[in-house]
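Data block below; observations after.
The values are calculated or read from the model by the stated rules, or taken from the named source; none is laboratory data. Keep in mind it's a predicted model, so treat the numbers as computed, not measured. Note that we place each Cβ from the backbone using ideal geometry, even for glycine, and neighbour counts take in every protein chain shown.
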Amino acid sequence: MSFESTMTSDVVGLTKVAPVSRRGFMSATAAVAAGYTLAAGPVRAEIITTDTGGLQAGDARIKVGSEEMPAYFARPAGNTKAPVIIVAMEIFGLHEYIKDVTRRLAKLGAFAVAPDYYFRKGVDLTKVTDIKDLLSVVNAKPDAELLSDLDVTVAWAGSQGGDTTKLGIIGFCRGGRNVWEYAAHSGTLKAGVAFYGAPVDPANPVWPKSPLQLAPEMKAPVLGLYGGADTGIPVAQVEQFKATLEQDKKVAEFKIYPQAPHGFHADYRGSYRKDAAEDAWKQAQAWFKKYGVLS
């Protein structure tokens, strides 16, 4: 089977982005030292960094059956009843960009948790440099196990004093797709925000239903944020998904940024588009406020 045939639409969007010059990027050594993944390509020197001032933040281990799932969390210091927002990561593991997003959410008042749900393969995805090696791990993740891992993460946040009656989820790339999947699964989710999550999956026995197929089962309102210049997720596919959700009378809104490629929010990559990223982040906050996740 060729690599091309295993490429999911999110990966197509990642690998087929307009070429970027090497100016304005960190050396590989500096990028690794700063905690970024290399598989996504060169790391921008002008990355967004969010400090831990006023926060309690750090690594955690979440008990999943007989194992422990690594996670990163951030929440307002001293706030025991903060709303819970799960951060569903890209395929690149729990690296510094995902941790920074977690801190950004904590600065907004949330108890944000990013679980490393690919941990069972024993591979640190942040250290993998070849996207082909990543795909063999992430494409083998069964949805049933993923959804269970997310449920366990929510329960853990609740056990740590988070308010799971105000539950949100936000995800990027493959994590955006996982937001849609979770919105069809969870009866307690208040709202989700999906950044360029593929509506349609390639054939994969461990992914029984794509987000598009799950449209009738959506239980929570989701905001979908997409790039009009995404080479992997055609705008027509997003429009089809939107029409299907409307037909099924589901609450969902979509915003497409015409010039933005896949990964436009990922400020560590060449795909970053400042205007689209900043507007999308504002939209995400407003969505979580509208549906009672953030106050």
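Has region 67-90 got any residue that is assigned to a helix (DSSP H, G or I) and modelled with pLDDT of 95 or more?
no
Regarding region 100-110, can at least one residue be identified that is modelled with pLDDT of 95 or more, part of a loop (DSSP other than H, G, I, E, B), touching an Asp or Glu at 6+ places or on another chain (Cβ under 8 Å) and small (Gly, Ala, Ser)?
Checked region 100-110: no residue is modelled with pLDDT of 95 or more, part of a loop (DSSP other than H, G, I, E, B), touching an Asp or Glu at 6+ places or on another chain (Cβ under 8 Å) and small (Gly, Ala, Ser).
Restricting attention to region 243-280, and to residues there that are free of Cβ contacts under 8 Å to residues at least 40 places away in the same chain, in contact with a Lys or Arg (Cβ under 9 Å, 6 or more places away or on another chain) and among the hydrophobic types (A, V, I, L, M, F, W, C), which single residue is surrounded by the most Cβ atoms within 10 Å (Cβ to Cβ)?
Here the answer is 260.
Quick check: anything in region 99-113 farther than 18 Å from residue 188 by Cα, in contact (Cβ under 8 Å) with a residue 40 or more places away in the chain, buried (at least 20 other Cβ atoms within 10 Å of the Cβ) and hydroxyl-bearing (Ser, Thr, Tyr)?
Yes, region 99-113 contains at least one residue that is farther than 18 Å from residue 188 by Cα, in contact (Cβ under 8 Å) with a residue 40 or more places away in the chain, buried (at least 20 other Cβ atoms within 10 Å of the Cβ) and hydroxyl-bearing (Ser, Thr, Tyr).
Is there any pair linking a residue in region 72-93 that is under 30 Å from residue 122 (Cα atoms) to one that is part of a loop (DSSP other than H, G, I, E, B) and among the aliphatic types (A, V, I, L, M), with Cβ under 6 Å and at least six apart or on different chains, and which?
Close Cβ pairs satisfying both conditions: 72/94; 75/82; 85/110; 92/39; 92/40.
Taking into account only those residues within region 1-28 that are farther than 25 Å from residue 136 by Cα and of a type in the set (Ser, Thr, Tyr), which is modelled with the highest pLDDT?
27
Could you grab me the full set of residues in region 241-294 that are in contact with a helix residue (DSSP H, G or I) (Cβ under 6 Å, 6 or more places away or on another chain) and assigned to a helix (DSSP H, G or I)?
Those that are in contact with a helix residue (DSSP H, G or I) (Cβ under 6 Å, 6 or more places away or on another chain) and assigned to a helix (DSSP H, G or I): 244, 245.
Determine if region 116-123 includes at least one residue that is among the hydroxyl-bearing types (Ser, Thr, Tyr), within 15 Å of residue 93 (Cα to Cα), crowded, with 20+ Cβ neighbours inside 10 Å and in contact with a Gly (Cβ under 8 Å, 6 or more places away or on another chain).
There is at least one residue in region 116-123 that is among the hydroxyl-bearing types (Ser, Thr, Tyr), within 15 Å of residue 93 (Cα to Cα), crowded, with 20+ Cβ neighbours inside 10 Å and in contact with a Gly (Cβ under 8 Å, 6 or more places away or on another chain).
Could you tell me which numbered condition residue 137 fails, if it satisfies all but one of (1) out of contact with any Lys or Arg (no Cβ under 9 Å at 6 or more places or on another chain); (2) of a type in the set (Val, Ile, Thr); (3) in a helix (DSSP H, G or I)?
Of everything listed in (1) out of contact with any Lys or Arg (no Cβ under 9 Å at 6 or more places or on another chain); (2) of a type in the set (Val, Ile, Thr); (3) in a helix (DSSP H, G or I), residue 137 misses just condition (1).
Please go through (1) of a type in the set (Gly, Ala, Ser); (2) under 23 Å from residue 15 (Cα atoms); (3) touching a Ser or Thr at 6+ places or on another chain (Cβ under 8 Å) for residue 220 and return the number of the only condition it doesn't satisfy.
Condition not satisfied by residue 220: (2).
Which one of these does residue 132 not meet: (1) touching a residue at least 60 places away in the same chain (Cβ under 8 Å); (2) assigned to a helix (DSSP H, G or I); (3) crowded, with 18+ Cβ neighbours inside 10 Å?
With (1) touching a residue at least 60 places away in the same chain (Cβ under 8 Å); (2) assigned to a helix (DSSP H, G or I); (3) crowded, with 18+ Cβ neighbours inside 10 Å applied to residue 132, the lone miss is (3).
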